[in-house]
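The values are calculated or read from the model by the stated rules, or taken from the named source; none is laboratory data. The model shown is predicted, which means the values in this text are computed figures rather than measured ones. Every residue, glycine among them, receives a Cβ derived from its backbone with ideal geometry; neighbour counts consider all protein chains shown.
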Amino acid sequence: MALSNQDNNQSSSVIYVTDENFFSEVLQSQLPVLVDFWAPWCGPCRILGPVIESLSKELDGIIKVAKVNVDENPKIAGTLQIQAIPMLAVFNQGSLLKAAAGVRPKQEIVNMIETVIANEGK
């Protein structure tokens with residue numbers, strides 16, 4: 001399966017999620033959600049940022065892409081036991097289905113998402 005939606009000229013659809021709206025934006029989402037747990041001081045997080053932005057454009061309408069600043073939102077980071085950043089997590093129908101720490105190649109992130117989508121409803 002090759003995930004793709006629209007052209008890359010559209011603006012980013014990354015949403016910034018907080019402790020207050022994580023439940024509604026991620027766990028109650030009708031679409032699968034890729035969440036990037038990050039912090040502004042994290043060098044690897046800054047390296048991964050453009051990849052996340054690109055995926056949000058390319059997969060708009062297929063998945064939701066969210067970012068959680070772990071310094072500003074310690075409650076959700078603590079609840080999910082995020083111990084390393086960047087941490088990418090894919091949620092679907094309220095469940096955490098895939099997670100990977102560290103900078104990942106774009107194709108590996110796409111593969112994570114494809115796996116979740118392929119198993120949807122199973």
Quiz item: When you scan segment 39-120 for helices (runs of 4 or more DSSP H) that lie fully inside it, which ones turn up with 2 or more residues that are more than 20 Å from GLU20 (Cα to Cα) and at pLDDT 95 or above?
Solution: 43-58, 106-118
Self-check item: Matching residues in segment 97-110 - criterion: being of a type outside the set (Lys, Arg) and either exposed (fewer than 14 other Cβ atoms within 10 Å of the Cβ) or within 17 Å of GLU53 (Cβ to Cβ) (or both)
Solution: GLY102, VAL103, PRO105, GLN107, GLU108, ILE109, VAL110
Quiz prompt | Candidates ILE63, ILE82, ILE117 - the one that is over 20 Å from TRP38 (Cβ atoms) and touching a residue at least 24 places away in the same chain (Cβ under 8 Å) | solution = ILE117
Exercise. Return yes or no: is VAL33 over 10 Å from the mean Cα position of the chain (by Cα), farther than 13 Å from THR18 by Cα and of a type in the set (A, V, I, L, M)?
Key: no
Exercise. Inspect segment 55-62 for any residue being in contact with a helix residue (DSSP H, G or I) (Cβ under 8 Å, 6 or more places away or on another chain) and within 21 Å of VAL103 (Cα to Cα) and give the result as yes or no.
Key: yes
Quiz item: How many residues, within segment 11-70, are in contact with a strand residue (DSSP E or B) (Cβ under 7 Å, 6 or more places away or on another chain) and among the charged types (D, E, K, R)?
Solution: 4
